[in-house]
Amino acid sequence: MPLSQCLERTSEGGSVPALIVVIYVKLNQSDLFSQKQNMPPLIKHPKDFFSGLIYAAVGLAAILIGRDYPLGSALKMGPAYFPTVLGGALLLIGLICVARAFVIKGEAIPPFAWKALLLVLAATVLFGVTVRGAGLVPALLVLVVMSAYASMRFRFSVALALAAGMTVFSVLVFIKGLGVPLVMIGPWFGR
């Protein structure tokens with residue numbers, strides 16, 4: 001359906017989602033991201049473009065949130081000073097990344113890694129559920145091995161070595177050094 005017909009139907013009480021779908025399809029058919037008719041795409045580096053948008057959005061959000069607090073000065077900083085300065089830096093970096101995306105040629109965005117995302121999320125939730133009952137050592141071993149399994153280059157021996165090192169480090173720093181009240185081996189294992 002052409003855009004003009006969709007606009008007429010929308011103004012006559014048609015659906016707004018249909019208009020959004022048509023606009024999205026028209027944008028995808030344009031030369032914005034892909035090469036058609038031997039013309040170079042407008043955005044040459046999609047990764048830089050979208051990461052720049054994310055940086056700029058986070059920076060702008062920090063600046064807007066910081067407006068509700070007193071700024072202060074460089075010598076006597078208020079609560080909004082650090083978020084505003086950091087937000088400004090992020091906004092500047094984001095705008096530079098977006099500008100670079102129009103100039104420097106780069107690679108396309110790969111497909112989203114759902115398996116890796118779900119495995120790392122599940123490992124983190126499992127750690128939170130089991131750390132009190134199983135203890136820090138078993139929960140951390142499961143967390144590291146399960147998170148490492150999300151990688152395409154997963155090797156069990158490397159994951160076990162990493163898990164052992166991370167567990168020893170965490171026990172020494174958090175339980176022994178900082179005195180965090182966690183048991184190494186929990187009551188689920190008869191301790």
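Couple of notes before you dig in:
- When residue 132 is tested against (1) without any contact (Cβ under 8 Å) to a residue 40 or more places away in the chain; (2) of a type in the set (D, E, K, R); (3) surrounded by 14 or more Cβ atoms within 10 Å (Cβ to Cβ), exactly one condition is not met: (1).
- Condition met for residue 26 (of a type in the set (D, E, K, R), modelled with pLDDT of 85 or more and assigned to a helix (DSSP H, G or I)): no
- Reported count of residues in the stretch 150-168, each being of a type in the set (Phe, Trp, Tyr) and either at pLDDT 95 or above or more than 25 Å from the chain's Cα centre (by Cα) (or both), is 1.
- Residue 108 vs. criteria touching a helix residue (DSSP H, G or I) at 6+ places or on another chain (Cβ under 8 Å) and loosely packed, with under 13 Cβ neighbours inside 10 Å: yes
- Helices (runs of 4 or more DSSP H) wholly inside the stretch 46-149 that include at least 2 residues being out of contact with any Gly (no Cβ under 7 Å at 6 or more places or on another chain) and over 30 Å from residue 187 (Cα atoms): 46-66, 81-101, 114-134
- Residue in the stretch 124-142 that is of a type outside the set (S, T, N, Q) and within 28 Å of residue 49 (Cα to Cα) present: no
- A single member of 141, 117 is within 23 Å of the chain's Cα centre (by Cα) and aliphatic (A, V, I, L, M), and it is 117.
- Within the span defined as the stretch 68-77, every residue fails to be out of contact with any Pro (no Cβ under 6 Å at 6 or more places or on another chain), charged (D, E, K, R), loosely packed, with under 12 Cβ neighbours inside 10 Å and modelled with pLDDT under 50.
- Residue match in the stretch 38-45 (condition: of a type in the set (S, T, N, Q), under 27 Å from residue 107 (Cα atoms) and at pLDDT 85 or above): no
- Condition met for residue 100 (modelled with pLDDT of 90 or more, surrounded by fewer than 17 Cβ atoms within 10 Å (Cβ to Cβ) and charged (D, E, K, R)): yes
- Condition met for residue 54 (in contact with a Pro (Cβ under 9 Å, 6 or more places away or on another chain) and modelled with pLDDT of 90 or more): no
- Pair list, Cβ < 6 Å and 6+ apart or interchain, from the stretch 93-112 residues that are on the phi < 0 side of the Ramachandran plot to residues that are surrounded by 13 or more Cβ atoms within 10 Å (Cβ to Cβ) and among the β-branched types (Val, Ile, Thr): 101/43
- The stretch 147-178, subset more than 18 Å from residue 131 (Cβ to Cβ) and among the basic types (Lys, Arg), residue surrounded by the fewest Cβ atoms within 10 Å (Cβ to Cβ): 153
The values are calculated or read from the model by the stated rules, or taken from the named source; none is laboratory data. Small disclaimer: the values here were computed from a predicted structure and weren't measured. Here Cβ is always computed from backbone atoms with ideal geometry, including for glycine, and neighbour counts include all displayed protein chains.
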